[in-house]
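Asks: Below are the structure tokens for one structure; questions will follow.
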Amino acid sequence: MAAAAICLGAAGPAWALDVTKSVDVAASPEAVWKTIGGFCGIGDWHPVIEKCALSKKGGKAVRTLSLKGGGTIVEEEESRNDTKMDYTYTILEGPLPVTDYHSTIMVAKAGSGSKVTWKGTFKAKGAPDAKAEEAIAGVYEAGLKGIADKAK
């Protein structure tokens, strides 16, 4: 029975992948959350974002990210909780090798400072799983470094 389930699973849809990255920041959670800012705040701290334009679609915030060197990513905010200091979003379109992408960025108290965690689940699209994971990990690592550098 288990072998049949494994065979069916292998023939079924791709399994979701997930990537989680975090960074410790020597600043209060409130200061870090302020640094992260609103949904378009990513344009102020992520090194590959040249410009962020905010719009609305069906009552939800949508950001259009212009990337340095060319390319555009369109993302929709699914939920935001300023009290808990987190927000979740999905990619609507863009050049990353992923589909069914959902991600959350959150800030929590850690010792005398903060811990910022960025996690996402997605499926690889047009690339091997490892390449999709590598692409997302690179986005998160660069962004977290940008937040840590700016929130000091």
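The values are calculated or read from the model by the stated rules, or taken from the named source; none is laboratory data. Every value quoted in this text rests on a predicted model; they were computed, and no experiment measured them. Just so you know, the surface numbers come from the protein's heavy atoms only, side chains and all, with ligands and any DNA or RNA stripped out. Shrake-Rupley method; radii C 1.70, N 1.55, O 1.52, S 1.80 Å.
Asks: Let me have the relative contact order for segment 65-123, percent, based on Cα pairs under 8 Å that are six or more residues apart.
Replies: Taking the mean separation of contacting Cα pairs over the length of segment 65-123, I get 25 percent.
Asks: Share of the chain's accessible area from carbon and sulfur, percent, 1.4 Å?
Replies: 56
Asks: Quick one: how many lysine pairs in segment 75-152 have C-alpha atoms under 24 angstrom apart, if they're 8 or more apart or on different chains?
Replies: 19
Asks: For segment 16-79, what is the accessible area per residue in Å² when the probe is 1.4 Å? Present the calculation step by step, with values, prior to reporting the outcome.
Replies: Details: 3250 Å² over 64 residues.
Solvent-accessible surface per residue comes out at 51 Å².
Asks: Let me test this: with uniform point scatterers at the alpha carbons of the chain, what is the Debye-based log₁₀ I(q)/I(0) at q = 0.11, 0.17 1/Å?
Replies: -0.46, -0.98
Asks: Let me cross-check Glu77: its accessible surface, 1.4 Å probe, with only protein heavy atoms counted, in Å² to the nearest 10?
Replies: 30
Asks: On to the next question. Which whole-Hz ³J(HN,Hα) couplings does segment 102-110 yield from phi under the Karplus relation 6.51 cos²θ - 1.76 cosθ + 1.60, θ = phi - 60°, glycine and proline marked x?
Replies: For segment 102-110, the Karplus curve yields 9, 9, 10, 10, 9, 10, 9, 5, 9 Hz.
Asks: While we're here: Just by accessible area at a 1.4 angstrom probe, what is the order of Thr72, Thr90 from largest to smallest?
Replies: Listed by decreasing accessible area, they come as Thr72, Thr90.
Asks: How much mean residue ellipticity at 222 nm does the chain get from its helices, if each DSSP H run of length 4 or more adds -39500 (n - 2.57) and you divide by all residues, to the nearest 500 deg cm²/dmol?
Replies: After summing the helix terms and dividing by the residues of the chain, the value is -9000 deg cm²/dmol.
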